Amino acid sequence: MLIAVAMSPFLSCNSCSEDGNKGVSPPWPVTDVYAWAEWSPDGSQIAVCWGGIPTAHNRGLYLIDTAGWVTRSILIDNASNFSSISWSPTGKWLLFAKNAQIYKIKPNGDNLTQLTFTSRQWDCDWSDSDTLIVYRISIGDSSGMWVMREDGSQKRSLVRHGSYPAFARDDSILDCTPEVGHKKLG
């Protein structure tokens, strides 16, 4: 399910389609927006990773309650660069990239756990089986897509020069590079 999200005291719904997707737009002139959003597995919340300009909103992670469109912050750090966000299939964890490393945190803000410690990691996704995490590394000979266990162990290279990894419903991994489209890797 695709959702377009922009921050206006965090969210303002301008239109709703028949299938329930919300269309939103920013109320201020924005030249540098970096935001990622993902619905919770039960559809009750939207997790937003805001990596854009701190003068518009503090950089960090936010949760939007879809019942009343109330926003609360989970993790704020204006000195950091945030990108990518993914819910665990159980809804117990959020996976994200901060300062080019992969982390997970509980939606209530507890248990911030760093999962990677070397190179530069981006674009992470959690498998539907709740056992694997796929992510992109963008430095030197390690460049490409890597996979690890949900606790950060057993890291291994999957494919060189791939980018924008995502899991399909059957836990196969997709390379979602814009120039290539979706390519199933196995």
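Values in this text are rule-based calculations from the coordinates and carry no lab data. Quick caveat, the model's predicted, so the values are computed rather than measured. As a convention, Cβ positions derive from the backbone with ideal geometry for all residues, glycine included, and neighbour counts pool all protein chains shown.
The chymotrypsin sites (Phe, Trp or Tyr not before Pro) found in the stretch 108-147 that occupy coil by DSSP, while having at most 10 further C-beta atoms within 10 Å, are PHE117. For SER44 and LEU112, the FRET efficiency from 1/(1 + (r/R0)^6), where r spans their Cβ atoms and R0 equals 30 Å, is about 0.85. For the stretch 37-133, trypsin sites (Lys or Arg not before Pro) are listed when DSSP marks them as loop and at most 14 other Cβ atoms sit within 10 Å of their Cβ; the list is LYS92.
Length available on full extension from TYR34 to SER73: 0.36 nm per residue minus the Cα-Cα distance, which gives 12.4 nm. Extending 7 Å from the Cα toward the beta-carbon at both ALA100 and SER157 defines two label points whose distance is 1.8 nm.
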